[in-house]
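Step one of this worksheet: look at the structure below.
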């Protein structure tokens, strides 16, 4: 029988993941509805011409938004499987179109978040459970331990992927954001700020992957919120911040889970 601690954590994880689904897919869908120019090359992979792409983008975007709302209001297992596949597929289109593989890692929340929610909710045992609304239930220690592993890797990969933009690629969008808030003109650091911050982010991701500590998970959560807030602060659309919802939810959920999964089974049962 799940302990009282496991029951409370299961409840917290359930609602954090519902929030993550809302942010991630409503934000991502808003990019499509807004006809984001960067999306054109991804649709072109499938052979669509530009007029067709502009017709499809708002339809795909509206579908994402609907899935995000469903994932918050009344989540279903079939939708979580689809969202995990869709998140991985859309992330994988980036290196296919000539962007770096780091983009796939940076978007680990897109596919890892729905997968984590599915693991928390349990694989369906009957056909009806695929379509039935997911209800909160107390989580077992084994489930929470598996969940902690997934959250650890979502957090680590998003940090490493995003850190590589600055440390290895000097990604123009990142340089533009940091320049607009004056970070590239800091005394003593100057233009070295972007790669230095990127290496710090990579180091944080590697540290969490090797041996996650609670303070590291909280630091990762704060770091991701602050750095991604640069999108709206520097004039980019708000959906750029919103669609990275699981980049904030995953490290915070890991922060909540770590004390429990590191305790002995006897102590965790109290």
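Laboratory data are not the source of any read-out in this text; all were calculated from the coordinates shown. Treat the numbers as computed from the prediction; the structure is a model and nothing was measured. All Cβ positions, even for glycine, are placed from backbone atoms using ideal geometry, and neighbour counts span all protein chains on display.
Using the Kirkwood radius over C-alpha pairs as Rh, can you work out the diffusion coefficient of region 37-187 via Stokes-Einstein at 4 °C, viscosity 1.567 mPa s, in µm² per second? Show your work: numbers first, answer last.
Numbers: Rh = 17.8 Å.
Rounded to a whole number, D works out at 73 µm²/s.
Would you mind calculating the relative contact order of region 199-270 from Cα pairs under 8 angstrom and at least 6 residues apart, reporting the percent as a whole number?
Details: 42 pairs, mean separation 24.1, N = 72.
It comes to 33 percent, rounded to a whole number.
In what sequence do 30, 191 fall when counting other Cβ within 10 Å, fewest first?
Details: 30 21, 191 14.
Exposure proxy ranking, most exposed first: 191, 30.
To one decimal place, what Kirkwood hydrodynamic radius in Å is obtained for the chain from all pairs of distinct Cα atoms? Can you show the working numbers first?
Numbers: mean 1/r = 0.0517 Å⁻¹.
Evaluated on the chain, it is 19.3 Å.
Using the number of other C-beta atoms within 10 angstrom as an exposure proxy, rank 129, 24 with the fewest first.
Values: 129 15, 24 29.
Least to most surrounded, the residues fall as 129, 24.
Assuming a ≥ b ≥ c are the square roots of the Cα gyration tensor eigenvalues, decide whether region 186-270 counts as rounded (a/c under 1.5), prolate (otherwise, with a/b larger than b/c) or oblate.
It is oblate, given that a/c is not under 1.5 and a/b is not larger than b/c.
Taking only C-alpha pairs under 8 Å that are 6+ residues apart, what is the relative contact order of the chain in percent? Don't skip to the end; give the middle numbers.
Values: 424 pairs, mean separation 72.3, N = 270.
Over the chain, the number comes to 27 percent.
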